[in-house]
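J.: This is the structure I have questions about; it appears just below.
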């Protein structure tokens, strides 16, 4: 096979699954951190449990915050920053986990093949 995609299909599928999952899960976790901490600090677990259903999927600043306040703006901007940070952390963690699965656990590829895949080197 002379293609640059000289990688087992299962390894490629796992790579794409973990890459997309890392982006999505990292953004979701990063989006939730700051509103959760603010609600927990304000009223404890009871305030966290009072979160409306619409805000349980897509986090927003807690409802008790005034929309004109600086802290409200801080929470919304912080959510965006933490979402990007979460994406980076989860994608890098997913990449490392993928390497472990593909190289050590299932032995689908060698370290050299993985490095060549990252470089898109057809010479493997």
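Nothing in this text is a laboratory measurement; each read-out follows from the coordinates by a stated rule. Given the structure is predicted, the values throughout are model-derived calculations rather than measurements. Cβ atoms come from the backbone with ideal geometry, glycine included; neighbour counts cover every protein chain shown.
J.: Looking at the range 36-45, is at least one residue in a helix (DSSP H, G or I), within 29 Å of residue 9 (Cα to Cα) and touching a helix residue (DSSP H, G or I) at 6+ places or on another chain (Cβ under 8 Å)?
T.: Checked against the condition, which is being in a helix (DSSP H, G or I), within 29 Å of residue 9 (Cα to Cα) and touching a helix residue (DSSP H, G or I) at 6+ places or on another chain (Cβ under 8 Å), the range 36-45 yields no hits at all.
J.: If you don't mind, another one. Any residue at all in the range 42-57 that's free of Cβ contacts under 8 Å to residues at least 12 places away in the same chain and within 18 Å of the chain's Cα centre (by Cα)?
T.: Yes: one or more hits.
J.: Is it the case that the range 17-26 has a residue that's farther than 30 Å from residue 117 by Cβ and either in contact with a strand residue (DSSP E or B) (Cβ under 8 Å, 6 or more places away or on another chain) or part of a helix (DSSP H, G or I) (or both)?
T.: Checking the range 17-26: not a single residue is farther than 30 Å from residue 117 by Cβ and either in contact with a strand residue (DSSP E or B) (Cβ under 8 Å, 6 or more places away or on another chain) or part of a helix (DSSP H, G or I) (or both).
J.: Taking the conditions exactly as written (in contact (Cβ under 8 Å) with a residue 60 or more places away in the chain, surrounded by 11 or more Cβ atoms within 10 Å (Cβ to Cβ) and closer than 14 Å to residue 33 by Cα), does residue 94 satisfy them or not? Step through it out loud before you land on a result.
T.: Values: in contact (Cβ under 8 Å) with a residue 60 or more places away in the chain: yes; surrounded by 11 or more Cβ atoms within 10 Å (Cβ to Cβ): yes; closer than 14 Å to residue 33 by Cα: no.
Considered against the rule, which asks whether it is in contact (Cβ under 8 Å) with a residue 60 or more places away in the chain, surrounded by 11 or more Cβ atoms within 10 Å (Cβ to Cβ) and closer than 14 Å to residue 33 by Cα, residue 94 comes out as no.
J.: For the list (1) part of a helix (DSSP H, G or I); (2) in contact with a helix residue (DSSP H, G or I) (Cβ under 7 Å, 6 or more places away or on another chain); (3) within 28 Å of residue 10 (Cα to Cα), I need the number of the one condition that residue 108 fails.
T.: Of (1) part of a helix (DSSP H, G or I); (2) in contact with a helix residue (DSSP H, G or I) (Cβ under 7 Å, 6 or more places away or on another chain); (3) within 28 Å of residue 10 (Cα to Cα), only one is false for residue 108: (1).
J.: If residue 103 meets every condition in (1) within 23 Å of residue 119 (Cβ to Cβ); (2) in contact with a helix residue (DSSP H, G or I) (Cβ under 8 Å, 6 or more places away or on another chain); (3) free of Cβ contacts under 8 Å to residues at least 60 places away in the same chain; (4) in a loop (DSSP other than H, G, I, E, B) apart from one, which number is that one?
T.: Here residue 103 clears every test but (4).
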